[in-house]
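Every number in this text was worked out from the coordinates using simple rules, so none of it is lab data. From a predicted model like this one, the values you see are computed outputs, not experimental measurements. A quick note on method: Cβ atoms are made from the backbone with ideal geometry, for glycine too, and the neighbour counts reach across all protein chains shown.
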Amino acid sequence: MVAQNIFFGILAAIVAISALRMVTTRNIVHAALYLVAVLAGLGALYVLLTAEFVATTQVLVYIGAVMVLFLFGIMLTKAPLGNVMEMTGRQWPLAAVVAALLGGVTIYSLVDRFGSERLNIDGPIYRTADVSDEVFSTYIVPFEAVSVLLLAALIGAIVLARKD
């Protein structure tokens with residue numbers, strides 16, 4: 001067995017267990033910290049797949065900025081999140097069955113679609129510079145449209161937050 005496969009299995013297990021704990025814990029701060037573990041594990045998986053730029057972006061943007069913002073928001077607000085007993089009531093078995101069904105359908109459809117296909121390793125290799133050249137030359141208009149849309153959403157969120 002190759003060491004890369006062993007590390008992949010370990011990292012995938014860490015990500016899966018952290019994600020499961022993230023959605024099942026009752027403490028919101030613990031859930032945010034489990035999300036940090038999930039995002040860090042995904043960053044490590046990107047390094048394992050030799051996508052260093054994506055891994056760096058994952059760590060800097062999501063763990064470095066977004067999670068710090070989440071944690072500050074959680075710690076600075078003391079809003080009640082609802083009755084814990086109502087959120088974990090009699091619907092837990094139904095939710096588990098629905099989740100298992102959706103997972104089974106997803107796995108079946110992926111195996112059915114990609115069952116015997118192999119990855120094309122002889123194809124062209126695209127670098128990050130190639131992607132950026134394509135985005136900022138061919139797709140500059142859609143890129144700028146998305147930038148303006150995100151700016152409008154940010155301004156709208158600020159306006160809505162300041163009314164409170």
Practice prompt. Assess whether residue 2 counts as being surrounded by fewer than 15 Cβ atoms within 10 Å (Cβ to Cβ) and touching a residue at least 24 places away in the same chain (Cβ under 8 Å).
Written response: no
Worksheet entry | Those helices (runs of 4 or more DSSP H) lying entirely in region 84-164 with at least 2 residues touching an Asp or Glu at 6+ places or on another chain (Cβ under 8 Å) | none
Fill in: Inter-residue pairs, beta-carbon under 9 Å, first free of Cβ contacts under 8 Å to residues at least 40 places away in the same chain and in region 20-49, second acidic (Asp, Glu) and surrounded by fewer than 20 Cβ atoms within 10 Å (Cβ to Cβ), 6+ apart
46/52
Item to complete: Please determine, by comparing only the residues of region 128-164 that are of a type outside the set (A, V, I, L, M, F, W, C) and loosely packed, with under 10 Cβ neighbours inside 10 Å, which one is nearest to residue 50 (Cα to Cα).
Response: 137
